[in-house]
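**Q** Just dropping this structure here.
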Amino acid sequence: MKEISNFFDSFSLNHSIYKNSQLYSNVINLQKNENIPSDINTIALINFSINDDREKFITSLIKLRNYLYSYSNIDKVQILDCGSFINSVDAKDSIDGLAYVLSDLITTGIVPIIISDDRSVILAIHKAYEHIKRYYNLAFILPFIDINNENLWEKSKDLLPWHDYIFRNNLLLNTATFIGYQSYLTDGDALQWVENNFFDLLRLGDIRENIKSAEPYIRNSDIICIDMNVMKKSEAPATMLALPNGLYAEELCQLSYYAGMSDKSSVFTFYNYNPDKDLEDQTMQLIAQALWYIAEGVSLRVKDYPFTPKTQMLKYTVIMDSPVNELIFYRSTRSDRWWIELPIKNTTHIQRHTLIPCLYEDYLAALQNKIPLIFWNAIKKKA
């Protein structure tokens with residue numbers, strides 16, 4: 001950790017305002033070179049901005065910490081507060097530097113959470129996975145799918161074509177999921193692109209009807225990218241677009257909790273937060289609460305798949321009267337969560353992705369000869 005501390009600005013908080021019963025008691029300051037116990041789940045909190053108004057953005061995130069660290073303490077989790085990433089003169093060099101830091105944290109078993117004001121942070125995460133040469137699943141929680149709809153992003157401050165790196169000739173991307181999108185904001189060509197690539201979709205209406213349906217998709221993802229534009233303006237006014245419809249605050253917290261609990265999820269980012277609009281700190285407090293729920297979820301991880309081999313889980317075989325002769329399910333005795341096995345051979349390089357998370361309801365549906373959509377898309381992609 002001492003080496004990566006050189007990439008960050010030092011900062012200080014008023015220690016006297018916190019109590020032992022608050023989350024601050026679990027915080028480790030990167031600049032102080034404190035020891036990090038290896039037997040406790042650790043998340044790393046990082047500020048990142050390569051835009052002209054960086055200083056104002058970073059200042060707002062120091063204030064965000066005052067909210068986060070005043071919340072109730074959580075057992076079995078610690079927060080490595082890295083502070084703010086020091087930019088290079090060139091934006092691409094800054095992204096490469098952050099990628100180096102993230103790769104070091106991920107390989108150490110620490111879960112980074114990056115708060116940024118635009119999507120360029122996603123490119124840094126991708127490059128981190130390039131460094132460690134690991135295949136990954138990617139989940140976006142966002143208001144629309146804009147791969148072919150860049151005009152909607154005139155208000156955004158993106159400096160780099162991150163999607164070119166992520167979705168074109170990216171041999172490391174195993175699959176992607178788009179959660180919370182709104183149909184009337186999403187171009188038909190973008191939806192066709194998603195279908196052609198056998199990616200997964202969950203509309204805002206799907207979340208509103210049954211938020212639990214998102215849990216397997218989130219549990220299947222190594223990288224969770226939360227676009228704050230996904231929020232309803234009345235719930236979070238300080239976003240880049242401030243849309244009239246979107247997620248409610250409690251829905252974001254529930255999805256964050258799912259993400260934290262996933263043993264597979266190894267990096268998170270919140271982006272497109274705009275402090276200029278946060279006159280009463282409403283959005284800032286919401287992000288702080290979502291971070292708290294991620295931390296609580298991380299504290300409850302039980303090292304399920306992919307850390308626990310399927311041989312240590314309960315196996316259920318369902319004989320099907322369909323093109324698929326049988327479906328093999330696995331249930332964890334630690335968490336009672338479920339997975340479906342993909343019938344794929346020679347999977348050494350994608351071993352982390354051969355079991356697809358599902359719900360108990362998917363197992364019950366299989367007993368009625370119904371095949372889960374998440375399974376179909378995975379099979380088509382591997383075909």
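Where a number appears in this text, it was derived from the coordinates with a stated rule and is not lab data. Nothing here was measured: the structure is a model prediction, and the numbers come from that model. Heads up, the Cβs are rebuilt from the backbone with ideal geometry, glycines too, and the neighbour counts pull from every protein chain shown.
**Q** Do the sum for the chain: with -39,500 (n - 2.57) for every DSSP H run of n ≥ 4, divided by all residues, what is the mean residue ellipticity at 222 nm, to the nearest 500 deg cm²/dmol? Don't jump to the answer; show the numbers that get you there.
**A** Numbers: 11 runs with 121 residues, N = 383.
Helices in the chain give a 222 nm mean residue ellipticity of -9500 deg cm²/dmol.
**Q** Once both axes come from the Cα atoms, what is the angle between helix 373-382 and the longest principal axis of the chain, in degrees from 0 to 90, rounded to 10?
**A** 90 degrees
**Q** If you place +1 on the Cβ of every Lys and Arg, -1 on the Cβ of every Asp and Glu, and leave all else neutral, what size is the dipole of segment 310-382 about its Cα centre, to the nearest 20 Debye?
**A** Values: 11 positive and 6 negative charges, 75 e Å.
The calculated dipole for segment 310-382 is roughly 360 debye.
**Q** Exposure proxy check: S332, S72, S116 ranked by fewest other beta carbons within 10 Å?
**A** Details: S332 19, S72 9, S116 25.
Fewest-to-most Cβ neighbours within 10 Å comes out as S72, S332, S116.
**Q** Fewest first, what order do V267, V324 take by the number of other Cβ atoms within 10 Å? Can you show the working numbers first?
**A** Details: V267 26, V324 15.
The order, fewest Cβ neighbours first, is V324, V267.
**Q** Direction-averaged shadow area of the convex hull around the Cα atoms of segment 4-299, nm²?
**A** Working: hull surface 56.9 nm².
Mean projected area for segment 4-299: 14.2 nm², to one decimal.
**Q** Here's something else I'd like to know. Name the residue from F85, V324, N272 whose Cα lies farthest towards the positive end of the charge dipole of the chain, charges +1 on Cβ of Lys and Arg and -1 on Cβ of Asp and Glu.
**A** Looking along the dipole axis, the top candidate is V324.
**Q** Residue by residue through segment 36-53, which ³J(HN,Hα) values in whole Hz follow from phi under the Karplus form 6.51 cos²θ - 1.76 cosθ + 1.60 (θ = phi - 60°), with glycine and proline marked x?
**A** So the Karplus estimates, Gly and Pro as x, are 10, x, 7, 8, 10, 4, 10, 10, 10, 9, 10, 9, 8, 8, 10, 9, 5, 9 Hz.
**Q** Same structure, new question: Loop only by DSSP, 14 or fewer other Cβ within 10 Å of the Cβ. Give me the GluC sites (Glu not before Pro) in segment 265-348 that pass, ordered by residue number.
**A** On the way: sites: E280, E296, E326, E341; in loops: E280.
Answer in residue order: E280.
**Q** My understanding is that a pair violates if its Cα-Cα distance is over 23 Å; which of K133/K381; K264/K315; K212/K232 do that in this structure?
**A** On the way: K133/K381 21 Å; K264/K315 20 Å; K212/K232 20 Å.
The pairs that break the limit, which is 23 Å between Cα atoms, do not exist here.
**Q** Kirkwood Rh and Cα-based Rg: tell me the resulting Rg over Rh for segment 310-382, rounded to two decimals.
**A** Working: Rg = 11.8 Å, Rh = 12.6 Å.
Reported Rg/Rh (Cα atoms, Kirkwood Rh): 0.94.
**Q** Something else about it: At a threshold of 8 angstrom on Cα-Cα distance, excluding pairs fewer than six apart, so keeping six or more, what relative contact order does segment 310-382 reach in percent? Working shown, then result.
**A** Values: 94 pairs, mean separation 17.6, N = 73.
Dividing the mean separation by the residue count of segment 310-382 yields 24 percent.
**Q** Fewest to most neighbouring Cβ within 10 Å: what's the order for L342, L102, L241, L255?
**A** On the way: L342 17, L102 29, L241 21, L255 26.
Final ranking by Cβ density, sparse to dense: L342, L241, L255, L102.
**Q** For helix 54-68, what angle does its Cα long axis make with the longest principal axis of the chain, in degrees from 0 to 90 and rounded to 10?
**A** Roughly 70 degrees, rounded to the nearest 10.
**Q** Separate question: Taking only the alpha carbons of segment 38-124, what extent do you get along each of the three principal axes, in Å, biggest first?
**A** 40, 30, 18
**Q** HN-Hα J couplings of segment 233-247 from phi, Karplus 6.51/-1.76/1.60, θ = phi - 60°, integer Hz, Gly and Pro as x?
**A** In residue order, the calculated couplings are 4, 5, 8, 8, x, 8, 10, 5, 10, 6, 7, x, 10, x, 5 Hz.
**Q** Sticking with this structure for a sec: If you place +1 on the Cβ of every Lys and Arg and -1 on the Cβ of every Asp and Glu, how big does the dipole about the Cα centre of the chain come out, in debye to the nearest 20?
**A** Working: 37 positive and 46 negative charges, 235 e Å.
For the chain, the charge dipole is close to 1120 debye.
**Q** Cα centroids of segment 1-72 and segment 290-346: how far apart, whole angstrom?
**A** Answer, in whole Å: 34.
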